[in-house]
Each structure stands twice: as C-alpha cells, then as structure tokens.
Amino acid sequence: MTVNLTSDTATQPTADMLKAMFNARVGDDVFRQDPTVNRLEAVAAERFGMEAALYCPSGTMTNQLAIKCHTQALDEVIAEEKSHIYQYEGGVYSLLSSVSMNLLRGERGKLRPGQVAAAVKPRYDWLPISRLLVLENTCNKGGGSIYTLPEATTLVEEGRAHQLASHLDGARLFNALVETGESTAAWGRLFDTISICLSKGLGAPVGSLLLGPQELIDRARRYRKVLGGGMRQAGYLAAAGLYALEHHVERLTEDNARARRLGDALALLPYVSKVEKVETNICIFHLAGERMASDFLEYLRKQGIQAVAFGPQTVRFTTHLGVTDEMVDYVIREISALDI
Ligand SMILES: *Cc1c(COP(=O)(O)O)cnc(C)c1O
C-alpha cells in the first residue's frame, strides 16, 4: 500500500471533479470572459459576504497580492513568526512590496490577546509604519491550530484601533470551520481580505482565491496580471474549485478525524516523545532520544508511506482527500511494528 501524508496538496482530482472540469464553459479570463472563473469568484465572494474575489494560481500569490494592496514601501506587516507568509513565501514581501515583518512569538502559531496592540510602532520617522496584521487559520507550522472567531476578533480589533488593516491567510480555513461550526460570513465580516486555497484539503489541482473589497480586488487584478497570473481559459481549473467548494468542504471532518487517530496512535509509541495537539488535519510529532526524522522517514518510505520532516527530530503527517481509513489503519500498523 502507498500512503502520501506529505501534504494535503498531494490530492488528485476525483473522477467527478474531472468531469466538472471537462464540461466547463470557458473564455479568456484576462478579458473577464471566462464564465466559470467569473462564477467561482462570485460564489466564493458571496459565501464570505465579500464584495469581490480574484482567482489566482497559488496561495502565495493571493497572500502577497494582499500585502501589496494593503501596504506601501517601508511599512511593516505584523504576523506570528510561524506564519506561512514569512516562513514559506521566499521573503518575497520584501521584493514585491518593500515591506518588513514585525514577527511576534505566539503559541502554536497563534497570537495572544494584547500582543498586536503592544507590537504597533509609534509614528516616528525612524520606525517602519505598522500597517497590516496577518493571521493564519489554521496555522500550518503551528500544527494545524485553530483560531476561534472570538480569538481572531480580539486581535483584529486591537489592530483596527491602531489603523491596521487585516488579512487572513485562510489556506486551510475550512478545516477549522468544520470543527468550530463558525460561518464563512462571520469570518468575511471580520477581515479586510481573506485568502483561501482550493488546492489543499479541498482537493482542486490548482488555485487560490483572494476575497475583499471591490476596489482592492481591482488593484490586485492588475498586479496578478503583471506577475504572470493572468490565465486565459482558466475555467477548466476554476471548475475544479467550484466543484471543491460544493462537494469537499463538509468531508474535511473526515481528514481531521483521521489525523486525530494518527496522533492518538503516535502518542502510545515509545520512540515518540511528544505529539502536538491535533486540532485539524495536521499531526506534528517529535522523536525521542537521538532518533532522527530522516531515518524514520526512510523507514516509512520503504513501507510505502511518505511524510515530511519539520525539524531534525520532528515529523509532519497530513491527511487529505486521498487518505482513507484503510490507509490510516495501515500506517498505524506499520509505525506500531517499528522497534527503534
Ligand atoms: C499552502 C499554503 C499557502 C499557499 O501556498 P501555495 O503553495 O503558494 O498555494 C499559504 N498559506 C498557508 C498557511 C499554506 O499552508
């Protein structure tokens, strides 16, 4: 058996998703004439109660377009130090927007009440201007941790009291919402802009959406074009996104439950020193003693199981559309049989 726990980006389109893609009506999206892209943007914006949405090739692009549209050169962005925009987007905020990061240390990637207000810089000529707050829900490097709406509201309001704009990196927001039962509309009301990924747990092959006010999305569309993100008959891809929003949201509870099962099994193993709390579809754990993640991953690979290191002795398992209960049973059998 082969099991890919590397990332929820590993999903393959389902047969029904491929059918939806095959049957898509398309046009040139650069001329805004792709009916399927237009519909995806309208459906997503409506679901979050936002004025407009922009379909982009990746979540890196939607996050960075948001930073570009919210800031000016020499501003700073306030974010938790584990945030994707800082860790995994190549530092491109410095190139594209000429801004710096004011990184705060929270817990599991989450900021605590008071941290945002305390981080805003006073307006002196020699200080960057604090302009934008970015929160991430769920936080990937934080172990798939969930911000509840009240927690996020406190932080956004702290920022707003100091004229900070707010952006939510919601690459895996739906993994959180299926747990908390909170509504997309409530999250849409809270943030100025939101990025969601269609290509993670939702299972589309490509694509992310930036949601926000019409005026900002219009500016983001110009930047998307000059960055090479103006795709022509993108409706074939957008059709997968529409299908995912329609059919793959509720089922995320299954991914979250499977990750919890993996976490529970790992917690019983003598060679695992600690399993981070599993809140959604990500399970991060640490190997005990001198055991190295690279050796453990090599053993897994020989059993047909793929995962990634998140540090020298730290491993991440991620569940998704392509991971079944039988696969989780198999992984649990294999890791329980390992004697290291
Ligand atoms: C995956 C991810 C993104 C976007 O990544 P792309 O690979 O550029 O689509 C953004 N934020 C978080 C938290 C992510 O996990």
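The values are calculated or read from the model by the stated rules, or taken from the named source; none is laboratory data. From a predicted model like this one, the values you see are computed outputs, not experimental measurements. Backbone-built Cβ (ideal geometry, glycine too); neighbour counts: all protein chains shown. Keep in mind that these areas ignore ligands, DNA and RNA; they rest on the heavy atoms of the full protein, side chains included. Shrake-Rupley method; radii C 1.70, N 1.55, O 1.52, S 1.80 Å.
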If you roll a 1.4 Å probe over the range 13-247 with all protein chains in place, what percent of the accessible area is carbon or sulfur? 53
The range 22-129: radius of gyration over Cα atoms, expressed as a fraction of 2.2 N^0.38 Å: 1.36
Dividing the convex hull volume of the Cα atoms of the range 251-337 by its residue count, what figure in Å³ per residue is obtained? 80
Which three extents, in angstrom, do the Cα atoms of the chain have along their principal axes, listed largest first? 58, 54, 34
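Filter K68/K277; K68/K200; K141/K274 down to the pairs with a C-alpha to C-alpha distance above 25 Å, please. Walk me through the intermediate numbers first.
Working: K68/K277 34 Å; K68/K200 23 Å; K141/K274 16 Å.
K68/K277, as the Cα separations exceed 25 Å there.
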Extreme residue, positive dipole direction of the chain, given options G59, F174, G142 (C-beta unit charges): G59
Under unit Cβ charges (Lys, Arg +1; Asp, Glu -1), what dipole magnitude, rounded to 20 debye, does the range 200-340 have relative to its Cα centre? 740
Given the rule -39500 (n - 2.57) for each run of at least 4 DSSP H residues, summed and divided by the residues of the chain, what is its mean residue ellipticity at 222 nm, to the nearest 500 deg cm²/dmol? -12000 deg cm²/dmol
Solvent-accessible area, 1.4 Å probe, carbon plus sulfur percent, for the range 251-337: 52
